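Peer 1: Please find one structure pasted underneath; my questions will follow.
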Amino acid sequence: MRKLNDYTKSRQAFERAVKVIPSGIYGHQGPAEGCYVPIEAFPLFSSKAQGSYLWDLDGNRFIDYMCAYGPNVLGYNDPDVDEAAAKQRAIGDCTTLPNTKMIDFAELLVDTVASADWAFFAKNGNDTTSLAVRVARAYTHRKKIVFFKGYYHGVSAWTQKLDYTGVIEEDVMHNIYVDWNDFDELAEVFEKNKGQIAAVIGQPYMHGNFMDNELPAKDFWQKVRKLCTQSGTVLIVDDVRAGFRLDIAGSDHYFGFEADLICFCKALANGYNVSALCGKDFLKNTVSAMSYTGSYWLSAVPFAAGIACIEKMKKLNCPKTLIEKGTTLSNGLIDAAKEYGFDLHVTGVPSLFYLRIADDPSLVMHQQWIAECVKRGVFFTNHHNHFINASLSDEDIKETVEVAKEAFQVIRDRYPLK
C-alpha cells in the first residue's frame, strides 16, 4: 500500500485565503463546489505542474485527470506552445492596437473548424456562450432559448436557475428546458412556441455533473439541425469543455452535423487565457454590429499560444490519441473494479470520461473510492467528467490502475460483499 498524502501546507494556505478571499477558493475549483468530498482527502493549492503531473504545496505529486478542468490538453508547460507564447511576449501582448496574430489565429480556426466562417475572441467560455445567445436573439428578433436539462453553459445569470443566489425571474423567464435526446419533446416545444425560439444551445453530448454522461441518440443532432433550419432558429453548440478532444474540426463534426455558432475555450491554447466563438457567415454582420469586448480580449500572447496548440494537436492527431489513451485507462479501471466486485460506470467519450461506482445510489461509496485514489496520488474528482492530455504516458495509466486497485481494496474492506 502506498503512503497516504499529507496536506498540512495546503490547509495552512487555505486558512490565510479565507481571511481575504470569499470562500477561500471560489468557483468550480473550490471545496464548496461539491466535487471534493470528503474535503480532507484533497489538496487545495498547487506548487507546480509539468506534463500530466501536478504537485501540491506539501510536495505530493498527482497524475492529474482534471487537467485544470480542461485547458491542459497537450501537457502542462508544453515546450512548443510556451515557446510561441514567449516569443510573442517579448515583442508585445496587450497593446493599444491588436497584433496580426489575431488574424493568423482566426484564419487557422476557420481553416480547422468545419462549421466556422469567422472567429471572435474573448477570454472565458462564458464570454462565448453569452455572446452566442445575444447573437441569436439579435439575428432572429426572438427571446426564447431552449436548453437540455443537465446543461452547464457558464456562470451568467441567463445560464442559471431561478433558485440560485442572485438570480431573478427576468434573468431566466425566456428559458425552456427539455430532456436530452428527447426529440419529440423538443419538436413539441417548437410547435407550442412557433416563431418565438431564438436558439437551441447544447453541449455536443450530455457531460453534465452528478450523472452518467450520455451520447446523442442515433440521428438526434441531425433532426435537431433540420428542425432549427426549418424554424429559423440558431443552433449553438457549446464546445467549451469537449472541444478538440473529440475532433479537431469541432465536436459537431464528430457527430455529423454543423452548428450555426460553436463556442471554444479550455483546450484552445493549452492553458493560455483565450476563448473563441466561431460561426456561419450569415451571422457575421450581426456580431459586427454588437458592442462586446474586454480589456484583455485582444492580447497577442494567447493568440500565439493558440496557434501553436492547434498546429501541434493536428500534428499529433490529438483527438484520436486522447481517445485511445482514455479507452486504455477506462478498460483498466473497469477491470480493476470487477476484480473487487464493483460496478464502475465509465461514460462519455473516453477522452472526456465520467466515473461512477453504481453499487451505491447515495454515491457515498463512490466518493470514498475517489478520495482513496486522490490520497494515493491520482487526482480525480467525484462528480465531474475527467480529461485526458497528450502527455499522459502508458506508465501513468498503469500507475493509475494500480492506485485504483488499492483504493478498491480499501472500499471493499470497508463494505464487504454479503
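The values are calculated or read from the model by the stated rules, or taken from the named source; none is laboratory data. This is a predicted model, so every value here is computed, not measured. Because the Cβ atoms are built from the backbone with ideal geometry, glycine has one as well, and the counts that use them run over all protein chains shown. Just so you know, the surface numbers come from the protein's heavy atoms only, side chains and all, with ligands and any DNA or RNA stripped out. Shrake-Rupley method; radii C 1.70, N 1.55, O 1.52, S 1.80 Å.
Peer 1: Mind counting the residues in the range 134-184 that are farther than 29 Å from ALA289 by Cα and of a type in the set (Lys, Arg)?
Peer 2: Counting residues in the range 134-184 that are farther than 29 Å from ALA289 by Cα and of a type in the set (Lys, Arg) gives 2.
Peer 1: Right, here's the next one. Working only within the range 394-418, note down all residues that are more than 21 Å from ASP56 (Cβ to Cβ) and touching a strand residue (DSSP E or B) at 6+ places or on another chain (Cβ under 9 Å).
Peer 2: If the condition is that a residue be more than 21 Å from ASP56 (Cβ to Cβ) and touching a strand residue (DSSP E or B) at 6+ places or on another chain (Cβ under 9 Å), then ILE397, PHE408, ILE411 are the ones that fit.
Peer 1: A further question on this structure: For residues that are part of a helix (DSSP H, G or I) and not charged (D, E, K, R), scanning just the range 203-226, find the one that is surrounded by the fewest Cβ atoms within 10 Å (Cβ to Cβ).
Peer 2: Going residue by residue through the range 203-226, those that are part of a helix (DSSP H, G or I) are 220-226.
Within this subset, residues satisfying the condition of being not charged (D, E, K, R) are 220-222, 224.
On the way: PHE220: 19, TRP221: 23, GLN222: 14, VAL224: 21.
The selected residue is GLN222.
Peer 1: Of the residues VAL401, VAL364, VAL378, VAL374, which single one is more than 29 Å from TYR254 (Cβ to Cβ), of a type in the set (A, V, I, L, M) and at pLDDT 95 or above?
Peer 2: Working: VAL401 fails: more than 29 Å from TYR254 (Cβ to Cβ); VAL364 fails: at pLDDT 95 or above; VAL378 fails: more than 29 Å from TYR254 (Cβ to Cβ).
Selected residue: VAL374, the only one of VAL401, VAL364, VAL378, VAL374 that is more than 29 Å from TYR254 (Cβ to Cβ), of a type in the set (A, V, I, L, M) and at pLDDT 95 or above.
Peer 1: Would it be correct to say that ALA114 is farther than 17 Å from ASN273 by Cα, open to solvent by 30 Å² or more (accessible area, probe 1.4 Å), touching a Gly at 6+ places or on another chain (Cβ under 7 Å) and among the aliphatic types (A, V, I, L, M)?
Peer 2: yes
Peer 1: Kindly provide the set of residues from the range 105-149 that are small (Gly, Ala, Ser) and within 19 Å of the chain's Cα centre (by Cα), ordered by number. Even if it seems obvious, please write down each step before you answer.
Peer 2: Taking the range 105-149 as the starting set, the residues that turn out to be small (Gly, Ala, Ser) are 106, 114-116, 119, 122, 125, 130, 132, 136, 138.
Within the range 105-149, ALA122, GLY125, SER130, ALA132 meet the criteria.
Peer 1: Under 8 Å between Cβ atoms, at least 6 apart or on separate chains: pull out the pairs that start in the range 213-224 with a residue that is within 15 Å of GLY150 (Cβ to Cβ) and end on any residue that is open to solvent by less than 10 Å² (accessible area, probe 1.4 Å) and among the hydroxyl-bearing types (Ser, Thr, Tyr).
Peer 2: Taking only residues 6 or more apart or on different chains, the pairs are ASN213/TYR205; ASN213/TYR354; GLU214/TYR205; LEU215/TYR205; PRO216/TYR205.
Peer 1: Shifting gears a bit: For GLY348, state whether it is at pLDDT 95 or above, over 28 Å from MET102 (Cβ atoms) and out of contact with any strand residue (DSSP E or B) (no Cβ under 8 Å at 6 or more places or on another chain). Can you show your working first?
Peer 2: Details: at pLDDT 95 or above: yes; over 28 Å from MET102 (Cβ atoms): yes; out of contact with any strand residue (DSSP E or B) (no Cβ under 8 Å at 6 or more places or on another chain): no.
Spelling it out, it is not the case that GLY348 is at pLDDT 95 or above, over 28 Å from MET102 (Cβ atoms) and out of contact with any strand residue (DSSP E or B) (no Cβ under 8 Å at 6 or more places or on another chain).
Peer 1: Next up: Output yes when any residue across the range 57-67 is farther than 23 Å from ASN5 by Cβ, modelled with pLDDT of 95 or more and not aromatic (Phe, Trp, Tyr), and no when none is.
Peer 2: Within the range 57-67, the subset farther than 23 Å from ASN5 by Cβ is none.
No.
Peer 1: Now a separate question. Take SER391 and decide whether it is assigned to a helix (DSSP H, G or I), within 22 Å of the chain's Cα centre (by Cα) and over 21 Å from TYR36 (Cβ atoms). Walk me through it before giving the result.
Peer 2: Details: assigned to a helix (DSSP H, G or I): no; within 22 Å of the chain's Cα centre (by Cα): yes; over 21 Å from TYR36 (Cβ atoms): yes.
No; evaluated as a whole, the condition is false for this residue.
Peer 1: Which numbered condition in (1) more than 19 Å from LYS280 (Cβ to Cβ); (2) touching a His at 6+ places or on another chain (Cβ under 7 Å) is the only one that THR129 fails?
Peer 2: So the condition that THR129 fails would be (1).
Peer 1: Sticking with this structure for a sec: Give the range 299-357 a look and list any residue that's surrounded by 16 or more Cβ atoms within 10 Å (Cβ to Cβ), among the basic types (Lys, Arg) and closer than 23 Å to LEU417 by Cα, or say none.
Peer 2: ARG356
Peer 1: Output yes when any residue across the range 55-63 is of a type in the set (Lys, Arg), out of contact with any Cys (no Cβ under 8 Å at 6 or more places or on another chain) and closer than 30 Å to LYS398 by Cα, and no when none is.
Peer 2: Restricting attention to the range 55-63, the residues satisfying the condition of being of a type in the set (Lys, Arg) are 61.
Next, only the ones that are out of contact with any Cys (no Cβ under 8 Å at 6 or more places or on another chain) stay: 61.
Subset that is closer than 30 Å to LYS398 by Cα: 61.
Yes: the range 55-63 contains one or more residues that are of a type in the set (Lys, Arg), out of contact with any Cys (no Cβ under 8 Å at 6 or more places or on another chain) and closer than 30 Å to LYS398 by Cα.
Peer 1: Could you check, for the range 369-387, whether at least one of its residues is touching a helix residue (DSSP H, G or I) at 6+ places or on another chain (Cβ under 6 Å), surrounded by fewer than 20 Cβ atoms within 10 Å (Cβ to Cβ) and under 12 Å from LEU333 (Cβ atoms)? Spell out how you get there, then give the answer.
Peer 2: So the first thing to find is which residues in the range 369-387 are touching a helix residue (DSSP H, G or I) at 6+ places or on another chain (Cβ under 6 Å), and the list is 369, 371-376, 378, 380, 382, 385, 387.
This time we only want the ones that are surrounded by fewer than 20 Cβ atoms within 10 Å (Cβ to Cβ), so: none.
So far as the range 369-387 goes, no, none of its residues is touching a helix residue (DSSP H, G or I) at 6+ places or on another chain (Cβ under 6 Å), surrounded by fewer than 20 Cβ atoms within 10 Å (Cβ to Cβ) and under 12 Å from LEU333 (Cβ atoms).
Peer 1: Examine the range 183-200 for a residue that is within 24 Å of ARG356 (Cβ to Cβ), in a loop (DSSP other than H, G, I, E, B) and open to solvent by 50 Å² or more (accessible area, probe 1.4 Å), and state whether such a residue exists.
Peer 2: Here is the first cut: in the range 183-200, the ones within 24 Å of ARG356 (Cβ to Cβ) are none.
No, the conditions are met nowhere in the range 183-200.
Peer 1: Turning to a different aspect of this structure: Taking THR128, is it in a loop (DSSP other than H, G, I, E, B) and modelled with pLDDT of 95 or more?
Peer 2: Values: in a loop (DSSP other than H, G, I, E, B): no; modelled with pLDDT of 95 or more: yes.
No, not satisfied.
Peer 1: Considering the range 227-261 alone, what residues qualify as being outside any loop (DSSP other than H, G, I, E, B) and under 21 Å from PHE105 (Cα atoms)? Quick ask: steps written out before the conclusion?
Peer 2: Going residue by residue through the range 227-261, those that are outside any loop (DSSP other than H, G, I, E, B) are 227-231, 234-238, 251-254, 261.
Hits for the range 227-261 are VAL237, ASP238, SER251, ASP252, HIS253, LEU261.
Peer 1: I need the strands (runs of 3 or more DSSP E) fully contained in the range 1-96, keeping only those with at least 3 residues that are open to solvent by 20 Å² or more (accessible area, probe 1.4 Å). Even if it seems obvious, please write down each step before you answer.
Peer 2: Numbers: elements: 46-50, 53-56, 61-64.
Fully inside the range 1-96 and qualifying: 46-50, 53-56.
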